[in-house]
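Please treat every number below as a calculation from the coordinates, not as lab data. Just so we're clear, the structure is a prediction, and the values are computed from it rather than from any experiment. All Cβ positions, even for glycine, are placed from backbone atoms using ideal geometry, and neighbour counts span all protein chains on display.
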Amino acid sequence: MDPIVDLDFIDNRTPEQAAACETKVSEETNTGKARKLYIESYGCQMNFSDSEIVSSIMFEQGFDTTSNIEQADLVFLNTCSIREKAEQTVRNRLGQINYYKKKKPEMMIGILGCMAERLKKSLLEEEKIVDLVVGPDAYRDLPNLINEVDGGQKAVNVLLSREETYADINPIRLNSNGVSAFISIMRGCDNMCSFCVVPFTRGRERSRDAYSIVREAQQLVENGYKEVTLLGQNVDSYKWASEDGTESVNFAQLLEKVALVSPDLRVRFSTSHPKDITDEVLHTMKKYDNICKYIHLPAQSGNSRVLELMNRTYDREWYLNRVDAIRAILGEDCGISSDMIAGFCTETEEEHQDTLSLMDYVQYDYSYMFFYSERPGTLAARKLEDDIPLEVKKRRLAEIIEKQRETSLNRNKRDVGKVHRVLVEGFSKKSDEQLSGRNDQNKVVIFDKKHYKKGDYVNVFVHDCSVGTLFGEAVG
Ligand code: SF4
């Protein structure tokens, strides 16, 4: 996939990563339930994973999912607050949904997720068509809240929890390709990055029972899945202890347990925090062929003073040390990606150059790149002045994007002339005669179909590349 260059955001990611900023709509589950739920999910993979939990809870309450909003008795928007644009998208969507509500006045409308948590009850006042507002830790309460709405009330539950992990809920897979699935391993975040709303919308960090995660992976394998991505805001700080205190599991140990479920199950994870990723994790990745050699390690900036203002709790040297450890333990071929913010509060031109030089050093395979925009309620909004003019932010972002295009192409050129093991995810976007899958480093590989099909592992000789895609032919 070639990148779409947008000054607000660059998209040279794999489809899975692109999904992180897309909208997903529920599919049909026609099991004869009395009512229908239509759910649209915005934002990150964590939200998509939560929508699968919500669908499971609502299924028990007598709701099938539908992909047709006109058929819905209940409409949920599972929202994102990471940027103002994400919230505006939801508000615009509510305007459109009003059209359906007018045609079917009994249709219930609910806002879930981070926007619900951030705006709470005020959402009911601001958006009159909304009937219920439910935060990410309150989904078990949905049956009660729906009853309240059925009884003619408006309903709100935005209580955050220190324990909730939904460990016992078996998610209903939505929008699944039947090959890859996400497993949520923890919730919330205890870091307080100064630009981020997540600690306020998703609450304190808590880790899910390790054995419920392994069971979920086993079930996925039994159902034919070939790849799982372990999800958390900061997976490296995963720490679960049994109730009797006799066993504790850290992230490296969890990774090993999931890798051992089946050698045919690929294991990925996201997101790693540079302050927490350990050599133990890297050695575990090296030990198992089925743990993909790819790490999303958001730097955000290449300058230590800016990193301190961002409250990232590491500096440039620490970050580069972690990158050196990845290269030393997992080799030069390990894929690394990043998030970068251009024009954070008080960032000077020299500090921006530090970000570019860090990108030169690391040679990221791809990045998510933004210019800074202030989010209400964050530490930065309260304590720092958003003083970089918009045109400067945009110019710096353009330079970061250009640097990333350069390094993505460099990294992809290294892959040409080599054989890659590719897990097929489906047809390529352009032709049903070609298949699309991903290699170990999470890069999209396109090749002629021959007799291969979705879910196959295929060795592909790569003969060409673009900034975002590898092209090759199957060799067995
Ligand atoms: S690690 Fe920082 S950026 Fe990531 S979710 Fe937590 S606070 Fe937000």
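Listed values, structure above:
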item	result
Inter-probe distance in nm under a simple model that places probes 7 Å from Cα toward Cβ, at H451 and K33	4.2
Along principal axes, Cα extents of the stretch 395-476, largest first, whole Å	47, 24, 17
Distance violations [Cα-Cα > 19 Å] among K24/K453; K85/K383; K239/K275; K24/K85	K24/K453; K85/K383
Contour minus Cα-Cα distance for D289 and K154 (0.36 nm per residue)	43.4 nm
Cβ-Cβ FRET estimate between Y99 and K383, R0 fixed at 45 Å, reported to 0.05	0.60
Ascending count of other beta-carbon atoms within 10 Å, so fewest first, for S237, S466, S357	S357, S466, S237
Proxy reagent accessibility, fewest Cβ within 10 Å first, across D333, D440	D333, D440
Cross-link table K429/K450; K394/K430; K429/K454; K36/K103; K257/K293, entries beyond 20 Å C-alpha to C-alpha	K394/K430
Karplus (6.51, -1.76, 1.60) ³J(HN,Hα), θ = phi - 60°, over the stretch 159-173, in Hz, Gly and Pro reported as x	5, 8, 10, 9, 10, 4, 10, 6, 4, 8, 8, 8, x, 8, 5
Phi to ³J(HN,Hα) by Karplus 6.51 cos²θ - 1.76 cosθ + 1.60 over the stretch 440-450, Hz, x for Gly, Pro	3, 7, 6, 8, 6, 10, 10, 8, 5, 5, 6
Relative contact order for the stretch 390-476, counting Cα pairs under 8 Å that sit 6 or more residues apart, in percent	29
Within the stretch 25-120, GluC sites (Glu not before Pro) in DSSP loop having at most 10 other beta-carbon neighbours inside 10 Å	E106
Local electrostatic count, E243, Cβ distance below 13 Å [Lys/Arg +1, Asp/Glu -1]	-4
Filtered GluC sites (Glu not before Pro), the stretch 189-278: DSSP coil and at most 12 other beta carbons within 10 Å	E243, E247
Estimated [θ] at 222 nm from DSSP helical runs (n ≥ 4, -39500 (n - 2.57)) normalised by residues in the chain, nearest 500	-10000 deg cm²/dmol
In the stretch 365-460, trypsin sites (Lys or Arg not before Pro) in a DSSP loop with at most 10 other beta-carbon atoms within 10 Å	K430
Segment A398-V416, extension gain: residue separation times 0.36 nm, minus the distance between their alpha carbons	3.8 nm
Extension gain, N68 back to A328 (0.36 nm per residue minus Cα-Cα distance, nm)	88.5 nm
